[in-house]
Amino acid sequence: MLGKSAWPALAALADQIAMPEARCFLIVFGAADQEPSAWDGSITATGAQVLSLEGWRFGGRDTAGEIGYTSLKPFLTKRVLVEQAPLTQRLTTSEEEQDHPGMAQSGDDVWLSFVEFVHGDRSLATGAFKTAPENFDFLARPVGGDQVFLMHYSKSKRVWPAPVAVTAARQDVMRTAAAVDGSGRVWVFWSANPDGNFDLSARSCSKGAFSGLLRLTSEPGPDLNPVATTDVKGRVWVTWQGFRNGNLEILVAAQDGDGLTPESTVSISPASDWDPAHAGGRQPELQGPPRHRLRPAEPPVGGLRSFRGQVGEGFRRV
């Protein structure tokens with residue numbers, strides 16, 4: 001297993017996070033007030049326990065069964081409104097930045113990929129100066145860079161174990177995506193800039209063991225913004241934005257055993273295509289609306305497109 005970060009002692013990730021079996025409620029005070037009012041007080045629960053109070057998030061009331069999602073229930077002559085809200089849990093607590101999450105679910109398993117950015121070795125930080133320095137060269141310190149991590153959640157056990165490193169540290173990463181194939185193997189995709197160009201890479205993980213690194217693209221133009229899904233046959237697909245023949249196109253590849261097929265072009269517009277999103281249907285096909293950046297004087301384009309194809313055979317519009 002790779003290290004957790006460039007400086008793990010200074011950017012520690014939680015070892016394990018338990019998800020409470022609870023309900024969450026949004027309570028809005030002063031909904032009908034015409035003047036500022038004091039709402040000082042406390043909260044208790046009958047037949048339950050208040051687990052946390054986080055800003056506007058409150059949990060636990062004996063009337064929870066009567067309150068649903070997206071429907072505000074009034075109390076105290078409509079001066080207080082209560083709505084059931086999704087239960088949220090903070091999964092990362094380090095001093096560093098976590099970005100670009102990707103999530104996939106299969107059976108009892110939920111998988112979450114993300115990028116962690118480390119600013120630098122915080123032990124090199126300098127406090128107040130007692131005397132004026134001659135120069136500020138000593139303040140220079142290398143940026144820690146990016147690293148891709150993977151987390152797993154068991155719905156039955158309600159626990160998030162510690163994140164596992166998918167890549168080495170000190171990289172330049174743009175977005176992640178995750179999908180689970182029919183055998184239960186999770187695939188993680190990301191775009192990285194190891195040598196001056198962003199290319200797509202992937203690793204799969206089965207029973208805690210990672211595959212080797214799969215380099216999916218090698219074109220001179222950048223390959224960015226991967227998204228992934230699984231079709232009805234349990235085959236993983238990855239779609240992304242890549243620069244080909246002087247234009248940004250939407251590209252797709254499908255799982256072929258332990259690897260992926262060669263890329264195929266999905267977009268058909270002469271304009272640049274951006275930011276793909278896709279979903280698998282009941283048939284072995286892929287659907288998604290590529291976004292287009294229009295050139296001057298071009299009519300609007302876009303809409304939902306559906307493509308169907310077998311592994312290695314390319315795609316046709318249907």
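No lab work stands behind these numbers, since they all come straight from the coordinates. Everything quoted here is computed from the prediction, not taken from an experiment. So basically every Cβ, Gly included, is an ideal-geometry build from the backbone, and we count neighbours across all protein chains shown.
Below 30 Å, Cα to Cα, which lysines can K155 reach? Residues fewer than 8 away in the same chain don't count.
By straight Cα distance, K155 reaches K4, K73, K207, K233.
Using the number of other C-beta atoms within 10 angstrom as an exposure proxy, rank K155, K130 with the fewest first.
Ascending number of Cβ neighbours within 10 Å: K130, K155.
Among I43, I17, what is the fewest-to-most ranking by other Cβ atoms within 10 Å?
Working: I43 11, I17 19.
Ascending Cβ contact count within 10 Å gives the list I43, I17.
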